Every structure is written in C-alpha cells, then in structure tokens.
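Report on one structure; see the data block that follows.
The values are calculated or read from the model by the stated rules, or taken from the named source; none is laboratory data. Treat the numbers as computed from the prediction; the structure is a model and nothing was measured. Note that we place each Cβ from the backbone using ideal geometry, even for glycine, and neighbour counts take in every protein chain shown. Remember, those area values only see protein heavy atoms, side chains included, never the ligands or the DNA or RNA. Shrake-Rupley method; radii C 1.70, N 1.55, O 1.52, S 1.80 Å.
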Amino acid sequence: MATVHVELVSVERPLWSGEATIVLARTTEGELGIMAGHTPLLGELAPGALVRIREDGGEELIVAAHGGFLSVTDKGVSVLAELAEFAEDIDVPRAEAALERARSGDEEDRQAKTAELRALTRLRAAGQPV
Ligand code: ATP
C-alpha cells in the first residue's frame, strides 16, 4: 500500500517521523484523512485534537496535540504541535488530577479552561472514558 511520509514535531522537540498509510486529524476546517497523493494544504489543529498515525504494519500511534498546524506538501505530512504527547506516554492519574484542579475553580477562568482541555485531550488519547 502506498504510504505518506510523516513528521511530527513539537515546539519542545521532534517527536516522530516515519511512513503512514493514513493520518487522521481534526482541523478547524473539519476532519481530515490524509493518504499518499493528498492535495497540499495548511490547516490549524482543532483545540483538543487527537492525531492518529496509522503505520504501514497496521499499528496506530495516537497523539494528544495541544494546538498547532498540519501541512501537506508533495513531501508528506508535517504536524507542528505546540505541545504533544503519545497516548502511551500519558500519565493518566496526573491528567485526572489536572482535570480535577482545573474544574475546582481555584484557577483563573480562561487558564482553567485551557488546562481542562489539555487534561481532557490527554485522557481521551489514553483511551479513558471522559
Ligand atoms: P500538570 O498540571 O499536570 O503539569 P499541565 O497541563 O499544566 O499539567 P503542561 O504545562 O501542559 O502541563 O505540560 C508540561 C509538560 O508536562 C509537557 O512536557 C507535557 O507534555 C507534560 N505533561 C503534562 N501532563 C502530562 C501527562 N498527564 N502525562 C504525560 N505528560 C504530561
């Protein structure tokens, strides 16, 4: 099956690169499924978006991406996230504690909302029912 080259980079560090059969992501314009030969585009990742990278062998990498952009060129797909974690690296109790703190009303409102969204995105990526 044809594959598309994927580069996943966060502001902190390069996270992953490799070949995928499809990349699924939600941008502010809607849900995207990118395969080899997709038309070039630039999109903004939707708040709380999960990015799913399906590898050639069938394994799926699930990434909690907290803001950023996705571009498709003839060279492949680049996901440039402000901050991102792989599902398997997510510390679920930490995200649950962060969610509880964000919802407890101790923090300033807007900050609490973004902290809540980060925690929810992490828990969703880790497959937790939230
Ligand atoms: P917390 O209050 O638990 O620190 P936070 O949302 O304020 O959560 P961030 O400032 O978004 O944390 O992230 C700080 C660093 O910690 C980043 O490198 C981020 O990837 C990592 N991180 C935050 N929460 C988790 C988690 N639950 N599991 C794994 N890594 C996390």
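Check every one of the strands (runs of 3 or more DSSP E) wholly within region 1-88 and list those with 3 or more residues that are open to solvent by 70 Å² or more (accessible area, probe 1.4 Å).
The qualifying strands (runs of 3 or more DSSP E) are 14-27.
Tally up the residues in region 6-27 that are away from the ligand (no atom under 16 Å from the Cβ) and not charged (D, E, K, R), please.
So the count comes out to 10.
Consider only pairs whose beta carbons are under 6 Å apart and that are at least six residues apart or on different chains; among these, list those whose first residue lies in region 78-95 and is within 13 Å of Arg13 (Cβ to Cβ) and whose second residue is open to solvent by 40 Å² or more (accessible area, probe 1.4 Å).
Leu80/Val9; Leu80/Phe69; Glu82/Val11
Among the numbered criteria (1) surrounded by fewer than 17 Cβ atoms within 10 Å (Cβ to Cβ); (2) out of contact with any Lys or Arg (no Cβ under 8 Å at 6 or more places or on another chain); (3) closer than 18 Å to Leu32 by Cα, which one does Gly105 miss?
(3)
Can you confirm whether region 64-73 contains a residue that is within 13 Å of the ligand (Cβ to nearest atom) and among the polar types (S, T, N, Q)?
no
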